[in-house]
Amino acid sequence: MPAHGAAPGQDEDPLAGIANLFDVSVAFIVALLIALFALFSAGTLLDQDSRVTLIKQSEDGEMEIITKEGAQIKVQKVTDQTLSGRGTRLGTAYRLANGQVVYVPDDEPPSN
């Protein structure tokens, strides 16, 4: 029996529903990307005037500090090597009970 609305003698295309599934999956992927983008506040990363600092730790324990000021992005690798030399104190870092590290800058700007 022909499908409703189909001309007599024509069978319905069995792959017609696949196109609809593809459209739904593309819409789902786009919605998921938008949700993840909003969840991680990635909008601040794209703002030209924003200042963002991220700390990234790989599975082997290597850490990187990623700093974005305006359009400039700096990546610094953290090592366990002891260094020496002259420098200026910038602030203090505290490790909280949950393992999170908080950096508190000193009130005075560094002098050259």
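Just checking, how many residues over the range 76-94 are within 29 Å of Asp49 (Cα to Cα) and either surrounded by 11 or more Cβ atoms within 10 Å (Cβ to Cβ) or not hydrophobic (A, V, I, L, M, F, W, C) (or both)? So that I can check it myself, show each step before the final result.
Narrowing the range 76-94 to residues within 29 Å of Asp49 (Cα to Cα): 76-78, 87-94.
Narrowing the set further to residues that are either surrounded by 11 or more Cβ atoms within 10 Å (Cβ to Cβ) or not hydrophobic (A, V, I, L, M, F, W, C) (or both) leaves 76-78, 87-92, 94.
Total satisfying the criteria: 10.
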Problem set entry | Residue count, the range 1-17 (criterion: surrounded by 10 or more Cβ atoms within 10 Å (Cβ to Cβ), among the aliphatic types (A, V, I, L, M) and modelled with pLDDT of 60 or more) | 0
Exercise. Could you say whether any residue in the range 33-40 is modelled with pLDDT under 85 and outside any helix (DSSP H, G or I)?
Worked result: yes
Problem set entry | Positions within the range 51-75 being modelled with pLDDT under 85, in a loop (DSSP other than H, G, I, E, B) and either hydrophobic (A, V, I, L, M, F, W, C) or surrounded by 10 or more Cβ atoms within 10 Å (Cβ to Cβ) (or both), in sequence order | Gly70, Ala71
Problem set entry | Sole exception among (1) under 19 Å from the mean Cα position of the chain (by Cα); (2) in a loop (DSSP other than H, G, I, E, B) for Thr82, by number | (1)
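The values are calculated or read from the model by the stated rules, or taken from the named source; none is laboratory data. Remember, predicted model here, so these are calculated numbers, not experimental data. Note that we place each Cβ from the backbone using ideal geometry, even for glycine, and neighbour counts take in every protein chain shown.
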